[in-house]
1. Kirkwood hydrodynamic radius (Cα pairs, Å) of region 43-150?
2. Once every Cα of the chain carries one equal point scatterer and solvent is ignored, give the base-10 log of I(q)/I(0) from the Debye formula at q = 0.07, 0.09 Å⁻¹, two decimals.
3. Highest mean first, what order results for 226-233, 166-173, 144-151 on Cβ atoms within 10 Å?
4. Could you tell me how far the Cα centroid of region 51-82 sits from the Cα centroid of region 124-183, in Å?
5. So what are the ³J(HN,Hα) numbers for region 102-118, from phi and the Karplus equation (6.51, -1.76, 1.60; θ = phi - 60°), rounded to whole Hz, Gly and Pro as x?
6. If I stretch the segment between Asp157 and Thr127 completely, what's the gain in nm (0.36 nm per residue apart, minus their alpha carbon distance), one decimal?
7. How far apart, in nanometres, would the label points at Gln295 and Leu64 be if each is projected 7 angstrom from Cα along the Cα-to-Cβ direction?
8. From the phi of every residue in region 271-287, what ³J(HN,Hα) in whole Hz does the Karplus formula 6.51 cos²θ - 1.76 cosθ + 1.60 yield, where θ is phi - 60° and glycine or proline is x?
Amino acid sequence: MIPFFSGADVRRAVSPERAVEAVRDAFIAYARGEWTMPPKVYVPAYPAGDFRAMPALGGGHALLKWVTSFPGNPAQGLPTVTGLVLLSDASNGMLKAVLDAGAVTALRTGAAAVLAAETLGRADATTAAVVGVGVNGEAAAGTFVARGRRVLLWDVDGSRAASVAEQIGADVASSRDEALSADLLVTVTPGHEIVLAEGALRPGQHVSLMGADGPGKAEIAVQELARVHVFCDDWEQVGTNGIQPRGRIYADDWEQASHNGDLVHAVEAGVLGRDDVHQLGDVLIGTAEGRQTDQDITIFDSTGLAIQDLAIALAAMERASDLDLPTIDL
């Protein structure tokens, strides 16, 4: 009998604080070569959305996430993200659990956004904000709150921002500009329009860019990427062009970010190359430098990694015996 974690079960099993710990450990394991992750596969169904197949191997387990992103779904009363996570025993191939992909995705997105902000932001950062408070934005804001930070929310739908703020104990920003000026900023927008134009960021800020998770999406102007200190997801196929940015951009996996996230636009424009970007996991294990001064502007570009999903799935399994989970008989 295979346990099934509904979205509610995933959230009961893994707190935001546990999610941050698990995702941090996953980044470290991946950076050390202990966990592996084949490339994410996109199956486009544009302009409506896309399907994604995301495999990973680590911790004695293998994972496959089959997940969707259909931004127009909420207008039809449907979730943007749906799908399943399959967790298997890597020693014998047997399926160990099935989990709701939407809840896993939200938890790891919030955890990665806040982990990057805490790792790369200024030590004396006092303000935090989330722009875009759909399911994943709410998760990021909730993670900030769970870590003891006051967080401001802004969304094009003001009523949604107010509702989420009331639910999680956050505050609504008086304007988008107020939110965008926070010391620690997380953007989780659909990625259809630029949120951060050239010159928008001030010295000392950190931004976790979480919305541009697929081809054609962007939350930040190429010119702004060119002037900040840049760190990423996964780089392999794009060579350096010798251009050195004045800031530092961070991502979780460079190859993936350089082809699917905000960084792809800067790479295509010849503004960024491989030597300009470091992976977050490398910063965590000390093989790459993070923030060097309080004046640095740091950017973390995330497209979402299967190792993060694996980390959340394994954390959920730690609580499986404590929950009254339904099972699947295969």
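1. Kirkwood radius, region 43-150: 15.7 Å.
2. Once normalised to I(0) and log-transformed, intensities are -0.25, -0.42.
3. Averaged packing, sorted descending, gives the order 226-233, 144-151, 166-173.
4. 24
5. Values, residue by residue: x, 5, 4, 4, 4, 4, 6, 5, x, 5, 5, 4, 6, 4, 5, 4, 6 Hz.
6. Here the answer is 8.6 nm.
7. Reported label-point gap for Gln295 and Leu64 is 5.2 nm.
8. 3J(HN,Hα) across region 271-287, in whole Hz: 8, 10, x, 4, 6, 8, 10, 10, 7, 4, x, 5, 5, 5, 8, x, 8.
We did not get these values from a lab; they are worked out from the coordinates using the rules stated. These numbers come from a predicted model, not from an experiment. We place every Cβ from the backbone using ideal geometry, glycine too, and count neighbours over all the protein chains shown.
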